[in-house]
Amino acid sequence: MKTPIILLKERFLQALVAAFGQELAATDPLLVPASNPKFGDYQSNVAMSLAKPLKQKPRDIAQKIVDHLNVSDICQTPEIAGPGFINLMIKPSYLEAQLSSIVGFARLGVDRVENPQKIVVDFSSPNIAKEMHVGHLRSTIIGDCIARILEFRGHEVIRLNHVGDWGTQFGMLITYLREAYPEALTKADALDIGDLVAFYKKAKQRFDEDEAFCEISRQAVVQLQAGDPETIQAWKLLCDQSRREFQVIYDLLDIKVTERGESFYNPFLPAVVADLDNLGLLQEDQGAQCVFLEGFMNKEGNPQPLIVQKSNGGYNYATTDLAALRYRIKEDGAKRIIYVTDLGQSTHFAQVFQVATRAGWIPDDVQVVHVPFGLVQGEDGKKLKTRAGETVRLRDLLDEAIARAKADLETRLQVEGRSETPEFIDRVAQVVGLSAVKYADLSQNRTSSYIFSYDKMLALQGNTAPYMLYAYVRVQGISRKGDIDFGHLGVGEQIILKEETEIALAKHILLLSEAIAAVETELLPNRLCQYLFELSQKFNQFYDRCPVLQAEEPFHTSRLLLCDFTARILKLGLNLLGIEVLDRM
Ligand code: ARG
């Protein structure tokens, strides 16, 4: 369904051409939502911008545009204001017709894209044998949301987990594994070394203090890279162990992602270096193979190198990303590649993209984007840490959110004098706790840092998950109570808008596809959160002012339909954020 703004832009172009000729066929009508409802719904500033090129007064231009503007099916008569603004006010009859036309449809007016693309979303991507930290949590939540929205729009999304499963640290981990768990490699069943973080720390400690251990570790790296079966087996054991821990988090958060870690690209690394060499882009610098970058200077003002092969012959993070980029374009056929990581990796991606571009590896029809996000901070404004000053374990963080949601719920049940089964309480606590964490993250503009606060994210008031979930329960309760058979309502004049608040709600309902399109292009999930939050507010204002169940026909049915629209959009929108709704809470 075309949203009003898209339709109006088309009509503006027609008017511009009719009034001033074909030369204006590519003009941007400068149409934006009005800053103040007093001025209507949309406002165009195009008359001002045309004053110079047309050598006419803006008000005269505005008048000529309006004379040729054919929008009577969508808007009231356009008004010219101030120096030459054109103000437009949507007609209720247009809203009624639009809403009636999407009543029976699950997609609620959000079209599938005409040209679906193959899109890679590279997200989550924790490192083996290290704890998944809050940075990975952000990547996981934001990446999943972006993937869900692109999928809903009809794109073919390849969700990739670029786990850090390769590198020199495995020498030390494997050596320590052999030392501390000599039986691990001969036993058939999966190894359980418990806390992998503690394991990592102990291995590191041995590595730092024992020269002999260090030497064996270095040999282990060589053996691993050479594909020695026993070493590979040890490496696999470590990866499996980590994988199981990651999976617990993914299951809890309902995340689907395909693992394709750094090790996957190993066979393709030599060709990256060789091809850069053939293209004449490679230079040797202190024994390392590098590409000197444009626009990245060191302190002395000389171009900085991007190392693709170290002096010892080893490859690194950047080489792997170059190989991955080529693979995703050539083998996966991706037309858009989206990397979701913290802001700290912006330079890395800018450099990798530059080298790939200069090498001619990114065709014109392929878009590569880094989607950066800020830090998660503690209440003190510093990087989130436990009381003891350690990195917070994700598992603990999610469990804590669920436990607090449960405590809140139990208090509320007591106050309301309700009694519910333990199963109900656990289920509600789990959904509320997890969605609070997700929503708190997604509702921020991802590029800023935010303060992690259980109290704020679990609050029933404000732009929070519990507020949104509660709005859904409430609205759905009303439409359920109305017992209306939506399946039998045909396309027609069922929706009748009279009161200001119901007109405002109707307008907002029709903006759903715009909100989703914004996330699709700008990759900012907070746009959708904001839309849903405003929807709940507009719904509440409508429900305060307009009787629904007590209303006479035809308002009774029409208003129930508005309730139902609201509930369905909340459900759809929250699902696109990765949040389950509840029927009761
Ligand atoms: N494993 C990396 C980290 O923990 C993130 C990987 C992101 N993806 C990529 N293609 N580099 O920081």
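The values are calculated or read from the model by the stated rules, or taken from the named source; none is laboratory data. In this text, all values refer to a predicted model and were calculated from it rather than measured experimentally. Neighbour counts run over all protein chains shown; Cβ positions are idealised from the backbone, glycine included. These area figures cover heavy atoms from the full protein model, side chains too; ligands, DNA and RNA do not enter into them. Shrake-Rupley method; radii C 1.70, N 1.55, O 1.52, S 1.80 Å.
Taking a straight line from the alpha carbon of residue 330, these lysines sit under 23 Å away, with near neighbours fewer than eight places off in the same chain left out: 118. Summing Cβ point charges (Lys, Arg +1; Asp, Glu -1) relative to the Cα centre of region 56-101 gives a dipole of roughly 180 debye. Each residue of region 529-536 was assigned a 3J(HN,Hα) from its phi angle through the Karplus expression (A = 6.51, B = -1.76, C = 1.60, θ = phi - 60°), giving 4, 4, 4, 5, 4, 5, 4, 4 Hz with x at Gly and Pro. Fully extending the segment from residue 390 to residue 192 would add 69.0 nm, taking 0.36 nm per residue of separation and subtracting the current Cα-Cα distance. Within the shell of other residues whose beta carbon sits under 11 angstrom from the beta carbon of residue 70, the net charge comes to -2, with Lys and Arg scored +1 and Asp and Glu -1. Taking a Cβ cut-off of under 11 Å around residue 175, the surrounding Lys, Arg, Asp and Glu residues balance to a net charge of 0, with basic ones at +1 and acidic ones at -1. In this simple spin-label model, placing a label point 7 Å from the Cα along the Cα-to-Cβ direction at both residue 111 and residue 447 gives a separation of 2.9 nm.
Dividing the mean sequence gap of close Cα pairs (under 8 Å, 6+ apart) by how many residues region 342-392 holds gives a relative contact order of 33 percent. Estimated at the nearest 10 Å², the accessible area of residue 68 is 90 Å² with a 1.4 Å probe. Relative to the Cα centre, the charge distribution of region 343-467, modelled as +1 at Lys and Arg Cβ and -1 at Asp and Glu Cβ, gives a dipole magnitude of about 320 debye.
A Förster radius of 41 Å, combined with the Cβ-Cβ distance separating residue 411 from residue 118, puts the computed FRET efficiency at roughly 0.25. Beta bridges assigned by DSSP with both partners in the chain are antiparallel in approximately 50 percent of cases. For the chain, pairs of C-alpha atoms spaced more than 45 angstrom apart make up 31 percent of the total. The radius of gyration of the Cα set in region 426-479, together with its Dmax, comes out at 12.0, 39 angstrom. The HN-Hα couplings worked out from phi for region 539-550 by the Karplus form 6.51 cos²θ - 1.76 cosθ + 1.60 (θ = phi - 60°) are 4, 4, 5, 4, 5, 5, 8, 10, x, 10, 5, 8 Hz, whole numbers, x standing for Gly and Pro. Helix 317-330 and the longest principal axis of the C-alpha atoms of the chain enclose an angle of approximately 50°. Model label sites at residue 240 and residue 32, defined 7 Å from Cα along the beta-carbon direction, differ in position by 5.9 nm. With an a/c value of 1.5 or above and a/b not larger than b/c for the gyration tensor axes a ≥ b ≥ c computed over the alpha-carbon atoms, region 381-514 is described as oblate.
Excluding same-chain neighbours fewer than eight residues apart, the lysines reachable from residue 202 by a Cα-Cα span under 26 Å are 130, 187, 236, 383, 385.
Around the amide H of residue 158, modelled in the peptide plane, lie the amide H atoms of 119, 120, 121, all under 5 Å away and 5 or more residues distant in sequence or on another chain. Here the accessible area is traced with a 1.4 Å probe on the protein chains. For the chain, carbon and sulfur cover 51 percent of it.
When you restrict to C-alpha pairs under 8 Å that are six or more residues apart and normalise by the size of the chain, the relative contact order lands at 15 percent. With the cut-off at under 16 Å, measuring from each backbone N in region 421-464 to a point 7 Å along the Cα-to-Cβ line of residue 379 picks out 451-459. Count Lys and Arg as plus one, Asp and Glu as minus one, and take only other residues whose Cβ is under 11 Å from that of residue 517; the net charge is then -2. Just how far, in whole angstrom, is region 1-42 from region 556-585 if you go by their alpha carbon centroids? About 32 Å separates the Cα centre of region 556-585 from the one of region 1-42. Here the chain is treated with +1 on each Lys and Arg Cβ and -1 on each Asp and Glu Cβ, and its dipole about the Cα centre works out to around 1180 debye. Per-residue packing, averaged as other Cβ atoms within 10 Å, sorts the ranges 447-459, 237-249 into the order 237-249, 447-459, beginning with the highest. Placing a pseudo-label 7 Å from each Cα along the Cα-to-Cβ vector at residue 534 and residue 72 gives an inter-label distance of 3.0 nm. Heavy-atom accessible surface of the chain, averaged per residue, reaches 46 Å², computed with a 1.4 Å probe. In terms of the mean number of neighbouring beta-carbon atoms within 10 Å, the peptides 432-445, 499-512, 538-551 order highest first as 432-445, 499-512, 538-551. Across region 458-558, the relative contact order, built from alpha-carbon pairs under 8 Å that are at least six residues apart, equals 33 percent.
Legend: residues 89, 297, sorted from most to least accessible area (1.4 Å probe; ligands, DNA and RNA excluded), read 297, 89.
Between helix 92-102 and the chain there is an angle of about 50 degrees, using the helix long axis and the longest principal axis of the Cα atoms. Given a Förster distance of 41 Å, report the FRET efficiency between residue 456 and residue 545 from their Cβ-Cβ distance, rounded to the nearest 0.05. Efficiency computed from Cβ-Cβ geometry: 0.90.
Per-residue 3J(HN,Hα) values for region 568-585, derived from phi via the Karplus relation 6.51 cos²θ - 1.76 cosθ + 1.60 with θ = phi - 60°, read 5, 5, 4, 5, 4, x, 5, 4, 5, 8, x, 10, 7, 9, 10, 7, 9, 8 Hz in sequence order (x marks Gly and Pro).
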